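Here is the structure we will look at, set down as structure tokens.
The values are calculated or read from the model by the stated rules, or taken from the named source; none is laboratory data. All values derive from a computational prediction rather than experimental measurement. Here Cβ is always computed from backbone atoms with ideal geometry, including for glycine, and neighbour counts include all displayed protein chains.
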Amino acid sequence: MSFRNLCEECALVKVVLSPSGSRFLRCMKAKQDPAFAKYPPQPVLRCNGYVPGTASEDANGASQPES
Ligand code: SF4
């Protein structure tokens, strides 16, 4: 059975890479709406805030996770 993780193809997600190589998906919608988790448990199969698009990354493709 296949599924689509909406965060992977959402314009409101930011890919965050830790120094150890772990990869996190940060939901930028959480900044304005507390109903959204900053780091939603993956995979996300349904989301009212989903916006089709491409994930953003820092210029070098990596950044530090923020608490
Ligand atoms: S709005 Fe939804 S689909 Fe988009 S990054 Fe946040 S939790 Fe994921």
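The table that follows gives values for the structure above.
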{"item": "Total residues in segment 11-34, condition of a type outside the set (Lys, Arg) and more than 10 Å from the ligand (Cβ to nearest atom)", "result": "11"}
{"item": "Residue, modelled with the lowest pLDDT, within segment 43-57, restricted to residues that are part of a loop (DSSP other than H, G, I, E, B), in contact with a helix residue (DSSP H, G or I) (Cβ under 9 Å, 6 or more places away or on another chain) and surrounded by 12 or more Cβ atoms within 10 Å (Cβ to Cβ)", "result": "Ala55"}
